[in-house]
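What follows draws every value from the coordinates through simple rules; no lab data is involved. Source: prediction; values computed, not measured. No Cβ is skipped: glycine too gets one built from the backbone with ideal geometry, and neighbour counts run over all protein chains shown.
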């Protein structure tokens, strides 16, 4: 095998290594939790926090209502037993009773609204939990698939890297140095010649270059500098 063919085949292996590494990077990116799942979890946590706050307000209001109801019972009892010492005191008790009943009506109405809101929140949480569970199950399936693909690619990459290492060891240092320099500068170091044209820059080769390429020598395109290869 001549040196140019060696370089061309080394380049094919290096391209496969590059593709495999890019595929692994893509898989690594995909193995991050999807935004939809993260958003669903945040939404669910927020809804649960709001429900907890609503239930706390509801509990506090229930305690307040119980206190008012107890006060109303005491005033009612006093009025029933006619414990007032004078008409003014009796009037004050009646006014107090009326005020407490007004507050009680407002608080009970507020409590009913809170209970309805909490019920609505619970329904929303149930829906969000179902959505989050579904997304988590999809993510677990995808994770398994991606992990399997990752293992296959890693195994292939290991073989390609070993192959590239062996091919480089079989290539002369000067030739390998030229290959690496052009690869770093151009991305593709070795290009084929078809119908007398460099396939890197599409320029027709001078006759002298063409003859050297046909002879299997290492020839750089006089226009783009890439190494020319003829199958």
Springs between alpha-carbon atoms under 10 Å, Gaussian network over the chain: tell me which of 166, 22, 195 tops the mean-square fluctuations. 195
Shape verdict for region 173-229, please, from the Cα gyration tensor: rounded (a/c under 1.5), prolate (a/b greater than b/c) or oblate. oblate
Cα-based helix-to-principal-axis angle, 3-30 vs the chain, degrees rounded to 10: 0 degrees
Folded to 0 to 90 degrees: helix 87-169 orientation relative to the chain principal axis, Cα: 10 degrees
Would you mind computing the Rg to Rh ratio of region 108-154 from its alpha-carbon coordinates, Kirkwood style for Rh? 1.49
What Kirkwood Rh does region 31-169 have if only Cα atoms enter the pairwise 1/r average? Answer in Å. 21.2 Å
Nearest 10 degrees, 0 to 90: what angle lies between the long axis of helix 173-186 and the longest principal axis of the chain (Cα atoms)? 50 degrees
Relative to a virtual label point 7 Å from the Cα of residue 113 in the Cα→beta-carbon direction, which members of region 52-69 show backbone nitrogen distances below 18 Å? 53-65
Which FRET efficiency, nearest 0.05, do residue 68 and residue 139 yield, Cβ-Cβ r, R0 35 Å? 0.10
